[in-house]
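Following: one structure in structure tokens, then a few remarks.
The values are calculated or read from the model by the stated rules, or taken from the named source; none is laboratory data. Computed from a predicted model, the values in this text were never measured in an experiment. Cβ placement follows ideal geometry from the backbone for every residue including glycine, while neighbour counts extend to all protein chains displayed. Surface areas here come from the heavy atoms of the whole protein model, side chains and all, with no ligands, DNA or RNA. Shrake-Rupley method; radii C 1.70, N 1.55, O 1.52, S 1.80 Å.
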Amino acid sequence: MRSLLYAIAVGLVGAALLHIVIILSLPSFTGRDAYTRVQSFGEANRFFPLANAGDTLAPINDDPAMKTAVCTFSVENGPIRLFAASDVPFWSLVVYDEASNEVFSMNDRTSVSGALDTLIATPIQLIGIRKAVPQELEQSILVEMRGEEGYAVLRTFVPTRSREDAANAFLTDASCEPFPAEQQ
């Protein structure tokens, strides 16, 4: 009798664990994970602003006080440089890998000059860059990314309607481009 109760308890615990694993892994099987949604939003190496309304299949910007743009990238063929001149009261950047794990984050308060200037590269690429840092990267923040694909989320604060044009210009002018190979 005792062994039967033990078998039932083990079976119930095992079934509960199996259900939890299935539920947590479901987004990766359905293609509805964050990376897949962002990747289908637009071409790689370009920031795309998120829509303010939910009438689109693209991800939406659900905070009216923030403007958000996303960029997918691959560091397989070389580093990616994220750059934007700052004319906004606040901005933040988060870099994720393809599994949507946070790789790096920063904001205007932690940047060198208030501007966004970040280079994302694999560990091997960074070794080569650090041997002879190009002049245009002397003030850049170098970010090591273990995987080859990922996406960046750039957000800026819009405290008043009068600052909305500056926020839109900041996101529109932000670049997410491959760093030229001849400069590495």
Using 7 Å Cα-to-Cβ label points, what is the ALA51/VAL10 separation (nm, one decimal)?
5.2 nm
What Kirkwood radius, in Å to one decimal, follows from the Cα pairs of the chain?
18.5 Å
How fast does the stretch 96-159 diffuse by Stokes-Einstein, in µm²/s, taking the Kirkwood radius from C-alpha pairs at 10 °C and 1.306 mPa s?
121 µm²/s
Can you check what the net charge comes to around LEU126, using other residues whose Cβ is under 14 Å from the Cβ of LEU126 (Lys, Arg +1; Asp, Glu -1)?
+2
Point-to-point label distance, ARG161-ARG130, nm (Cα→Cβ direction, 7 Å offset):
5.0 nm
What number, rounded to the nearest 500 deg cm²/dmol, is the helix-based mean residue ellipticity at 222 nm of the chain, given -39500 (n - 2.57) per DSSP H run of at least four residues and division by all its residues?
-9500 deg cm²/dmol
Accessible area per residue in Å² at 1.4 Å probe, computed on the chain:
60 Å²
For the chain, give the percent of accessible area contributed by carbon and sulfur heavy atoms, probe 1.4 Å, rounded to a whole number.
56 percent
Give me the percent of DSSP beta bridges within the chain that run antiparallel, rounded to the nearest 5.
85 percent
To the nearest 0.05, how large is the calculated FRET efficiency for SER25 and GLU148 if R₀ is 22 Å and r is the Cβ-Cβ distance?
0.50
What residue among PRO89, PRO49, PRO134 shows peak mean-square fluctuation when the chain is described by a Gaussian network model with Cα springs under 10 Å?
PRO134
Using unit Cβ charges (K, R positive; D, E negative) and no other charged atoms, how large, in debye to the nearest 20, is the dipole of the stretch 79-184 about its Cα centre?
280 debye
Plugging the Cβ-Cβ distance of ASN77 and ALA169 into 1/(1 + (r/R0)^6) at R0 = 30 Å yields, to the nearest 0.05, a FRET efficiency of 0.50
Please state the charge dipole magnitude for the chain, taken about the Cα centre, from unit charges on C-beta atoms (+1 on K and R, -1 on D and E), reported in debye and rounded to the nearest 20.
640 debye
